[in-house]
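Report on one structure; see the data block that follows.
The values are calculated or read from the model by the stated rules, or taken from the named source; none is laboratory data. Only a predicted model underlies this, so the values are computations on that prediction, with no experimental measurement involved. Because the Cβ atoms are built from the backbone with ideal geometry, glycine has one as well, and the counts that use them run over all protein chains shown. Side chains included, ligands, DNA and RNA excluded: accessible areas come from the protein's heavy atoms. Shrake-Rupley method; radii C 1.70, N 1.55, O 1.52, S 1.80 Å.
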Amino acid sequence: MIELRDVRKYYRSGNRKAEILRGVNLQVEPGEYVAIMGKSGSGKSTMLNLLGALDNLDSGTYELAGKSVHRMSRGRRAKLRNEEIGFVFQHFQLIPNLSVYQNVLLPLTYGRKRLRRKKSRVLALLDEMGISNKKNQKPDRLSGGEKQRVAIARALVNEPSLILADEPTGSLDEETTESILNLFDRVHKNGATIVVITHDIEVAERAERILHLQNGVLV
Amino acid sequence: MKLFTVFKLACFGLWSNRLRVLSAMMGVVIGMFAVIVLTAIAIGVKDTLMKQMGSLGAEQILVLPGRVLDTANGQKDLLSGLTNVPSTLTYDDAKAIEGVPNVKSVTPHLETITIAQYDEKNVQSVLVGTSDQYSRVQHANLSEGRFFTKEEQAEEAKVIVLGNNIHEALLGNQEVPVENEESSNEAVQTKPIWKKVLDKLLGESASAEEEASLVGKQVTINDESFEVIGVLAPNATLGSSTDNNIMLPIETALATTDMKNLTKMIVEAASIQSVDEVDGAVFNAIKTQHSEIDFSVVKQDQMLGALGKVTSILQVMLFGITVTALLISGTGIMNVMVMSVRERTREIGIRKALGATTSEIMGQFFFETLLLCCIGGAVGIGLGYAFIEVWNSNIEIFALVLPMWAVKLALYTTFGIGSLFGIYPALKAARMKPSRALRFE
């Protein structure tokens, strides 16, 4: 499913060049639930950006669902993000001007599926997430847990092969965290591959495998 | 993704940010309104002047006092070359021209300012001694009565034809210059707009009690009594309106006033083909009666040429104002859109993370600017059109003219501005890295 080989990433600040990832190797099998842990500044966000095809590698290779991401153009990477990856962010990243329904519909807008299927798919997911009664509301009228449910519905709407979650419970209280993690468990049981990036051990422990990012290397 | 979907996203983007959109749109609305109204003014003024000049007819030749100097290329310079000298043209010159071959008619104008008296009303007016051809040559239609005849000219009959304003003023229906101790030089005042609108609303009731006509009545001018035999229809034009004139036979004017020298003469050639020949012959005919060349003979095309210069200046000025207005509104729109892109950085990051391509993001923001300009432009054009309609139905001095080509040009221009000034914000949005855009605070 995911194969990273000797991946390196640098950031330049003036004349200084900081190496964030120093030869990362990672293999994730289809349907696997993996947690990547690390302290602040360990390169977790960089890792997420690379896995989500949001940023380029400086060296190494990245294969996702049999496709060489490191060789892809910007356009093909956008298509890959749309079709193969579902994102769940810590701060939900919902578009405030759009309703719940429109936020969940957004990945399908950039895809090539027929309209009738799009609508039925979005409504089914909202129902599954227990927020179908909120479909016409704007995100600012929702609680943190509801917002994250909308984000998960949006991540699942295009039936991606990989769910990438960045601190998915970082902005939630304990009770809501539990319900969201249960939702991840359910999604995983339905066959989705999940990579969660977190610094929270309780979140990581729900995964099948826990990896630690230390000094730019996975251990 | 289909172009239509990108367009739909742009529409939605505009709707979602409608307050900001409205403020940005105001620049285009005002710019386009100004362009439309200024275009209508420029074309309206040009048309009115051309119509007045052109109404003389291509076969007509104007004889003016003073000498129109020639330019370097031998053309008469009517704009700056007309010398300001007292008139030496006489009615004898007019009679001499009547004998020139291929001259159809000569209409002399002997003009002075006078006071007309009727009942207890004194009205300042322009007294014009002229021939029976005046109404035909000046395209001045009669609203009632008749114009004086050749026979009345010969008899020095004391008959007059009133311009419309003078007729109305003597009846007490309209304010025009009056002669009294307090304000002997009052300017011409027509009815205010609100009064005209009120008159329209009230219809005939407002003037039901007013006296109907002065035809057949006696009006006193310079202590002489004249019979009113006709009234001219309103002829509100720039410069050469007959509304404030009183026409009488030139022979009567010469006999009853101190006027001796003509203000101008309008000579009509028998045909357009003979204009050049008549032009030279008229010049020679007057020259033989004068010791020096203190008059000018000007053909219609020379008049129109001079007018063309004035309207060209107007058009250049209009072009300058238009370009400035459009640049200002275009820059305003671009700034607002650049700010919008900045404010929506995170949204752009989210869209990119969810699969929007560079061209889709670019298309969305480009269409947003384009739509904003087109809607603003259309509103501006609509407001301009409404202004022109209100002007034309209430103000008579000249009509504003908005040709269809100007509307089309304005629409194309707004499209052009939207396209030109939409590129930069769209590129700015499209070039954002999704990983950075998502972290934007």
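One line per residue, one yes/no per condition, for (1) among the charged types (D, E, K, R); (2) within 14 Å of another protein chain (Cβ to nearest Cβ):
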{"position": "B:Leu371", "(1), (2)": "no, no"}
{"position": "B:Gly380", "(1), (2)": "no, no"}
{"position": "B:Glu389", "(1), (2)": "yes, no"}
{"position": "B:Leu400", "(1), (2)": "no, no"}
{"position": "B:Gly422", "(1), (2)": "no, no"}
{"position": "B:Arg431", "(1), (2)": "yes, yes"}
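Could you list all residues from the range B:288-307 that are of a type outside the set (Val, Ile, Thr) and surrounded by fewer than 15 Cβ atoms within 10 Å (Cβ to Cβ)?
Going through the range B:288-307, the residues of a type outside the set (Val, Ile, Thr) turn out to be B:289-292, B:294-296, B:299-307.
Passing the criteria: B:His290, B:Ser291, B:Glu292, B:Asp301.
Quick grid of which residues meet (1) facing chain B (nearest Cβ under 9 Å); (2) β-branched (Val, Ile, Thr); (3) over 30 Å from B:Leu19 (Cα atoms):
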{"residue": "A:Pro96", "(1), (2), (3)": "yes, no, no"}
{"residue": "A:Leu108", "(1), (2), (3)": "no, no, no"}
{"residue": "A:Arg112", "(1), (2), (3)": "yes, no, yes"}
{"residue": "A:Met129", "(1), (2), (3)": "no, no, yes"}
{"residue": "A:Lys134", "(1), (2), (3)": "no, no, no"}
{"residue": "A:Gly144", "(1), (2), (3)": "no, no, no"}
{"residue": "A:Ala153", "(1), (2), (3)": "no, no, yes"}
{"residue": "A:Leu156", "(1), (2), (3)": "no, no, yes"}
{"residue": "A:Thr177", "(1), (2), (3)": "no, yes, yes"}
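Quick one: which residue in B:Arg351, B:Arg436 is open to solvent by 30 Å² or more (accessible area, probe 1.4 Å) and under 30 Å from A:Gly86 (Cβ atoms)? Working first, answer last.
Working: B:Arg351 fails: open to solvent by 30 Å² or more (accessible area, probe 1.4 Å).
Only one candidate qualifies: B:Arg436.
Looking at the range A:32-65, which of the residues that are in a helix (DSSP H, G or I) and among the hydroxyl-bearing types (Ser, Thr, Tyr) is least open to solvent (accessible area, probe 1.4 Å)?
In the first step, residues of the range A:32-65 are kept if they are in a helix (DSSP H, G or I); the result is A:44-51.
Then drop every residue that is not among the hydroxyl-bearing types (Ser, Thr, Tyr), which leaves A:45-46.
Values: A:Ser45: 63, A:Thr46: 15 Å².
Going through the qualifying residues, I end up with A:Thr46.
Can you work out which of the residues in the range B:342-367 that are assigned to a helix (DSSP H, G or I), at the interface with chain A (Cβ under 9 Å from one of its Cβ atoms) and not charged (D, E, K, R) is nearest to B:Ala10 (Cα to Cα)? Steps first, please.
Residues of the range B:342-367 that are assigned to a helix (DSSP H, G or I), as a first pass: B:342-343, B:345-353, B:358-367.
Those left that are additionally at the interface with chain A (Cβ under 9 Å from one of its Cβ atoms): B:346-347, B:349-353, B:358-360.
Checking which are not charged (D, E, K, R) leaves us with B:349-350, B:353, B:358-359.
On the way: B:Gly349: 16, B:Ile350: 16, B:Ala353: 18, B:Thr358: 15, B:Ser359: 13 Å.
For the range B:342-367, the residue satisfying everything is B:Ser359.
Of the residues that make up the range B:35-47, is at least one open to solvent by 30 Å² or more (accessible area, probe 1.4 Å) and not hydrophobic (A, V, I, L, M, F, W, C)?
Yes: one or more hits.
Just to be sure, is B:Met259 in contact with a helix residue (DSSP H, G or I) (Cβ under 7 Å, 6 or more places away or on another chain), under 15 Å from B:Pro108 (Cα atoms) and either open to solvent by 70 Å² or more (accessible area, probe 1.4 Å) or not hydroxyl-bearing (Ser, Thr, Tyr) (or both)? Outline the logic, then answer.
On the way: in contact with a helix residue (DSSP H, G or I) (Cβ under 7 Å, 6 or more places away or on another chain): yes; under 15 Å from B:Pro108 (Cα atoms): yes; either open to solvent by 70 Å² or more (accessible area, probe 1.4 Å) or not hydroxyl-bearing (Ser, Thr, Tyr) (or both): yes.
In short, yes.
Could you please find all residues in the range A:155-176 being open to solvent by 10 Å² or more (accessible area, probe 1.4 Å) and closer than 21 Å to A:Leu211 by Cα?
Applying the first criterion (open to solvent by 10 Å² or more (accessible area, probe 1.4 Å)) to the range A:155-176 yields A:156, A:158-161, A:166-167, A:169-176.
Passing the criteria: A:Ser161, A:Asp166, A:Glu167, A:Thr169, A:Gly170.
Quick one: would you say A:Val7 is over 13 Å from the mean Cα position of the chain (by Cα) and assigned to a strand (DSSP E or B)? Let's see the steps before the verdict.
Details: over 13 Å from the mean Cα position of the chain (by Cα): yes; assigned to a strand (DSSP E or B): yes.
Considered against the rule, which asks whether it is over 13 Å from the mean Cα position of the chain (by Cα) and assigned to a strand (DSSP E or B), A:Val7 comes out as yes.
In the range B:271-287, how many residues are within 14 Å of B:Glu98 (Cβ to Cβ) and either in contact with an Asp or Glu (Cβ under 7 Å, 6 or more places away or on another chain) or open to solvent by 60 Å² or more (accessible area, probe 1.4 Å) (or both)? Even if it seems obvious, please write down each step before you answer.
Going residue by residue through the range B:271-287, those that are within 14 Å of B:Glu98 (Cβ to Cβ) are B:278, B:281-282, B:285-286.
Applying the additional criterion that residues be either in contact with an Asp or Glu (Cβ under 7 Å, 6 or more places away or on another chain) or open to solvent by 60 Å² or more (accessible area, probe 1.4 Å) (or both) yields B:286.
The total comes to 1.
What's the number of the condition A:Leu21 fails, among (1) aliphatic (A, V, I, L, M); (2) within 20 Å of A:Glu208 (Cα to Cα); (3) in contact with an Asp or Glu (Cβ under 9 Å, 6 or more places away or on another chain); (4) in contact (Cβ under 8 Å) with a residue 60 or more places away in the chain?
Status for A:Leu21: all satisfied but (2).
Tell me which residues, restricted to the range B:104-135, are farther than 22 Å from B:Arg67 by Cα, touching a helix residue (DSSP H, G or I) at 6+ places or on another chain (Cβ under 8 Å) and open to solvent by less than 50 Å² (accessible area, probe 1.4 Å). Steps first, answer last, please.
Step one: of the range B:104-135, the residues farther than 22 Å from B:Arg67 by Cα are B:104-105, B:113-135.
Then drop every residue that is not touching a helix residue (DSSP H, G or I) at 6+ places or on another chain (Cβ under 8 Å), which leaves B:105, B:116, B:118-119, B:121, B:123, B:125, B:127-132.
Result: B:Ser105, B:Ala116, B:Tyr118, B:Val123, B:Ser125, B:Leu127, B:Val128, B:Gly129, B:Thr130, B:Ser131, B:Asp132.
Taking A:Glu83 and the conditions (1) touching a strand residue (DSSP E or B) at 6+ places or on another chain (Cβ under 8 Å); (2) within 9 Å of chain B (Cβ to nearest Cβ); (3) open to solvent by 40 Å² or more (accessible area, probe 1.4 Å), which numbered condition does it fall short on, given that it satisfies the others?
It fails just one condition, (1).
Out of curiosity, is A:Arg22 in a strand (DSSP E or B) and open to solvent by 10 Å² or more (accessible area, probe 1.4 Å)?
Values: in a strand (DSSP E or B): yes; open to solvent by 10 Å² or more (accessible area, probe 1.4 Å): yes.
So A:Arg22 passes the test.
Name every residue in the range A:128-154 that is within 18 Å of the chain's Cα centre (by Cα) and surrounded by fewer than 18 Cβ atoms within 10 Å (Cβ to Cβ), in order of residue number. Please lay out each step first, then the result.
Taking the range A:128-154 as the starting set, the residues that turn out to be within 18 Å of the chain's Cα centre (by Cα) are A:129, A:144-154.
Passing the criteria: only A:Gly144.
So B:Ser435 fits all but one of (1) more than 14 Å from chain A (Cβ to nearest Cβ); (2) part of a helix (DSSP H, G or I); (3) not aromatic (Phe, Trp, Tyr); what number is the exception?
(1)
Need the failing condition index for B:Phe387 against (1) among the aromatic types (Phe, Trp, Tyr); (2) buried (at least 20 other Cβ atoms within 10 Å of the Cβ); (3) in contact with a Phe, Trp or Tyr (Cβ under 8 Å, 6 or more places away or on another chain), just the number.
(2)
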